[in-house]
1. Kindly check whether there is at least one residue in the range 42-61 that is in a loop (DSSP other than H, G, I, E, B) and among the basic types (Lys, Arg).
2. Which residue out of Val24, Val38, Val13, Val55 is on the phi < 0 side of the Ramachandran plot and either at pLDDT 70 or above or touching an Asp or Glu at 6+ places or on another chain (Cβ under 7 Å) (or both)?
Amino acid sequence: MPYIARREFVGSVVLAALAPMLGVGAMPLGSAWWEPAVHAAGEDLDALASALANVVRVQYGDRLTEADLTSITRQIRSGLERAESMRKVELANGDEPDFVFSAHSSSHR
């Protein structure tokens, strides 16, 4: 089996769940069929947020109002902005998180 990065695997799992709603047939694991849409959106987060909100509308539109869809689109856009800002943070392989948990054995018995 070919090597698949974790992000690619998670993306494949999520998109496999969305494939029936988007009318896309079965795709092999690791196939990047969504990449053209992401590249078409480019840096335009509004277009990407709108496309993702459209998937929500297709699936749940009969239960959502226009105000709900507007709120969902705004939340998706906000999440995309946060993800973009996280990608800009440079991390080295040895960088540790803000806190490090260490369990100490207790002498209380």
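1. Going through the range 42-61, the residues in a loop (DSSP other than H, G, I, E, B) turn out to be 42-44.
Cutting the leftovers down to among the basic types (Lys, Arg) gives us none.
No.
2. Going through Val24, Val38, Val13, Val55 in turn, the sole match is Val55.
Residue-by-condition table, conditions (1) touching a residue at least 40 places away in the same chain (Cβ under 8 Å); (2) in the same structural domain as Ser50 (by TED's automatic domain parsing); (3) under 13 Å from Asp46 (Cα atoms):
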{"residue": "Asp62", "(1), (2), (3)": "no, yes, no"}
{"residue": "Thr73", "(1), (2), (3)": "no, yes, yes"}
{"residue": "Ser78", "(1), (2), (3)": "no, yes, yes"}
{"residue": "Ser85", "(1), (2), (3)": "no, yes, no"}
{"residue": "Gly94", "(1), (2), (3)": "no, no, no"}
{"residue": "Asp98", "(1), (2), (3)": "no, no, no"}
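The values are calculated or read from the model by the stated rules, or taken from the named source; none is laboratory data. Fair warning: this is a prediction, and the values are worked out from it, not measured in the lab. Here the Cβ is made from the backbone with ideal geometry for all residues, glycine too, and neighbour counts use every protein chain on show.
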